[in-house]
Protein chains: 2
Amino acid sequence: VGAHVTEAQLAFDRRLVPLDWSADERRASFELTAPLCRTDGVLFGATALSAALMAFETVTQRPALWATVQFVATTAMGATIDLEISRMAEGRRSDQVQLTGRTGDQLLFTALGATATRSDGGIAGLGMTPPAVAPPEACERLGGAHRHQGRVGHQLISEFREATLLNPDPARPGHMAMWGRVLESATTTSAKLGFLADMVPIASCRAAGVDGAGSSIDNTLRIVGLEDTEWVLIELDGQVAAGGYGHGITHLWTPDGRLLATGSQSAKLFSIAEFMARQAG
Amino acid sequence: VGAHVTEAQLAFDRRLVPLDWSADERRASFELTAPLCRTDGVLFGATALSAALMAFETVTQRPALWATVQFVATTAMGATIDLEISRMAEGRRSDQVQLTGRTGDQLLFTALGATATRSDGGIAGLGMTPPAVAPPEACERLGGAHRHQGRVGHQLISEFREATLLNPDPARPGHMAMWGRVLESATTTSAKLGFLADMVPIASCRAAGVDGAGSSIDNTLRIVGLEDTEWVLIELDGQVAAGGYGHGITHLWTPDGRLLATGSQSAKLFSIAEFMARQAG
């Protein structure tokens with residue numbers, strides 16, 4: 001792996017999704033362990049994004065710039081997921097890459113992406129400002145009960161707290177924020193940001209005034225910089241819900257207002273009430 | 001093509017990118033004519049997105065929900081571009097699709113996407129509000145000189161005007177808007193929205209206080225609804241520029257404030273000054 005990645009970042013990524021690389025360096029696999037699943041024991045979408053970002057960086061030896069993952073099928077805890085990476089174009093400063101994730105013959109997800117060596121003197125500037133929110137210590141953990149009761153799910157290695165907006169804007173009903181952290185570590189990698197960026201569907205429901213979530217159809221993440229921070233401020237904007245599907249965006253910030261990444265997702269939405277009724281029936 | 005597409009929409013799409021379908025219905029091709037190019041005579045990125053959206057809708061007979069196009073290589077006016085579409089998953093309400101665009105053996109672009117039949121009673125709501133802008137008649141055409149002098153480029157069938165923001169927000173330096181139209185027609189299709197959604201890099205430069213543009217690395221579009229309108233309000237937010245690369249988002253609105261689509265892009269940025277120097281030297 002290239003000089004851009006520190007030993008601490010490599011160690012962080014290995015703990016998050018332990019990829020087992022084959023000799024040809026275009027194939028890797030990992031076991032779908034409990035922390036890489038949703039609480040219902042199937043592949044957590046953000047795991048696929050994290051693994052794709054990690055694989056793209058390893059093969060190209062450049063930091064990730066962007067990745068989109070398309071979710072095609074899911075699989076259950078214990079499965080071995082095989083990644084196959086293709087480099088479609090190699091540029092002087094950036095590479096275009098693709099990846100498939102399969103278990104056996106079943107395609108689970110496909111990812112497209114780019115990695116890029118940033119230039120020191122390149123055009124630089126920030127177009128947005130982070131929201132004012134209460135600090136993590138003052139915010140309540142989401143799904144708090146899972147922590148100690150559940151033995152399956154990303155909450156085994158991550159934590160999310162709803163971050164109260166101090167200046168909510170009535171013109172943005174889908175605007176909300178969370179504090180998130182992974183592995184209780186301050187090391188930041190592209191894969192860590194990917195692991196935190198699967199929360200948009202909740203905000204798309206919020207835009208419609210509904211307490212709900214969604215099944216992600218895709219997950220797109222665009223990396224800005226990898227500033228170390230334990231807590232990441234996950235700003236969410238549910239843009240719209242229409243006909244049962246929703247679109248939305250996310251901005252990931254350091255607590256002191258540096259932009260780490262931006263993302264977007266589409267999802268099939270459901271209300272918590274619908275979800276509970278389905279579980280019961 | 002499914003019942004969701006009207007005759008007017010089919011006719012519009014056929015005029016925009018005349019796809020020639022093969023007998024097996026998984027392959028189509030089109031000629032890269034002058035209006036489907038940039039002014040320098042190579043493939044216009046938005047053409048690839050439009051063609052992908054059209055192809056996804058034709059093969060699945062459902063309206064597009066989302067598409068991401070990865071740009072791998074380009075080609076010159078006159079080339080024949082061959083599309084190959086794969087349906088990866090067929091659901092009750094939505095399909096997951098992929099597509100490649102090649103000229104000869106050369107891969108030009110890959111697209112991932114989904115199409116979805118919307119449900120009438122589904123979760124629905126809007127999370128954002130459109131910006132207040134001057135009407136198209138009061139706004140100046142961008143690249144006005146091209147119209148009559150240039151014989152190559154998308155301006156042969158489209159028009160863009162910078163739409164002055166009436167209430168600019170100093171906290172959003174990358175926030176800007178344009179009016180856009182295609183073929184001087186009020187018919188709206190997914191492909192038309194795709195053709196208008198390649199403007200984000202300009203806003204990413206603006207976020208950095210630079211008058212510039214960029215080479216798109218990808219183009220992601222998420223469709224909300226297909227309301228007929230000649231003029232489309234293209235709201236742009238340059239989110240960030242860092243190390244010479246930029247990320248940004250777009251919202252496409254009808255003039256009366258209905259959301260048609262949202263999008264995002266990453267690009268390699270350059271200033272107009274750099275571009276002129278390169279042309280000269």
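Annotations for the structure displayed:
- Between chain B and chain A, the total buried accessible area stands at approximately 4900 Å², from heavy atoms with a 1.4 Å probe.
- Distance between region B:147-179 and region A:10-36 - C-alpha centres, whole angstrom: 45
- Across the identical copies, the label point of A:ASP120 (7 Å from Cα in the Cβ direction) is separated from its matches by 6.4 nm, in order from shortest.
- Nonlocal amide H pairs with A:SER158, under 5 Å, H built at 1.01 Å: A:LEU183
- Comparing the full protein assembly with the isolated chain, the residues of region A:93-114 losing at least 50 square angstrom of accessible surface (1.4 Å probe) are A:GLN96, A:LEU112.
- Under 5 Å, built H, 5+ apart or other chain: amide partners of A:GLY243: B:GLY122
- Loop-resident trypsin sites (Lys or Arg not before Pro) (DSSP state other than H, G, I, E or B) in region A:35-125 with no more than 12 further Cβ atoms inside 10 Å of their Cβ: A:ARG92.
- Protein-protein interface of region A:237-268, residues with accessible area decrease of at least 50 Å², isolated chain reference, 1.4 Å probe: A:GLN239, A:VAL240, A:GLY243, A:TYR245, A:HIS247
- Region B:224-281: Cα Rg divided by the 2.2 N^0.38 Å rule of thumb: 1.52
- Neighbour count of at most 12 Cβ within 10 Å plus DSSP loop: longest GluC sites (Glu not before Pro)-free window in chain B: B:26-139
- Phi-derived couplings, Karplus 6.51 cos²θ - 1.76 cosθ + 1.60 at θ = phi - 60°, listed residue by residue for region A:46-57: 5, 4, 4, 5, 4, 5, 5, 4, 4, 5, 4, 5 Hz, with x used for Gly and Pro.
- Rounded to whole Hz, the Karplus (6.51, -1.76, 1.60) HN-Hα couplings of region A:108-119, x for glycine and proline: 9, 7, 10, 10, 10, x, 9, 10, 8, 7, 6, 9
- Sorted from nearest, the other copies put their B:PHE275 label points 4.5 nm away, the label point being 7 Å from Cα in the direction of Cβ.
- As a fraction of the 1.4 Å probe accessible area of chain A, surface on carbon and sulfur atoms comes out at 49 percent.
- Spread of Cα-to-Cα distances over 10 Å intervals beginning at zero, given as percent, for region B:114-244: 11, 37, 37, 14, 2, 0
- Just so you know, the Cα atoms of chain B work out to an Rg and Dmax of 18.1, 59 Å.
- Look at the stretch A:221-227: the mean tally of other chain Cβ atoms within 10 Å of its residues' Cβ atoms is 4.
- The label point for A:ARG15 and the one for B:ALA73, both projected 7 Å from the Cα toward the Cβ, are 4.3 nm apart.
- A full extension of the chain between A:VAL42 and A:ARG258 corresponds to an added length of 74.4 nm, given 0.36 nm per residue minus the alpha carbon distance.
- Whether the protein assembly as shown is rounded, prolate or oblate, judged on the alpha carbon gyration tensor where a/c under 1.5 counts as rounded: rounded
- The mean accessible area for residues of region B:168-263, using a 1.4 Å probe and ignoring ligands and nucleic acids, is 23 Å² per residue.
- Summary for A:THR164: label point 7 Å along Cα→Cβ; distances to the equivalent points in the other copies, ascending, 4.3 nm.
- Solvent-accessible surface of region B:1-119, taken per residue with a 1.4 Å probe and all protein chains present: 39 Å².
- Accessible-area value, A:CYS139, 1.4 Å probe, nucleic acids and ligands omitted, Å²: 10
- In a fully extended conformation the segment linking B:ALA134 and B:SER86 would gain 13.0 nm over its present Cα-Cα distance, using 0.36 nm per residue.
- Across chain B, the mean sequence separation of Cα contacts (distance under 8 Å, 6 or more residues apart), normalised by length, yields a relative contact order of 17 percent.
- Here's how it looks for B:ALA163: its modeled amide H is under 5 Å from those of B:ALA177, B:MET178, B:TRP179, which are all 5 or more places away or on a different chain.
The values are calculated or read from the model by the stated rules, or taken from the named source; none is laboratory data. Fair warning: this is a prediction, and the values are worked out from it, not measured in the lab. Positions of Cβ are generated from backbone atoms using ideal geometry, with glycine treated the same way; all protein chains shown enter the neighbour counts. Side chains are part of the model used for accessible areas, which takes the heavy atoms of the whole protein and leaves out ligands, DNA and RNA. Shrake-Rupley method; radii C 1.70, N 1.55, O 1.52, S 1.80 Å.
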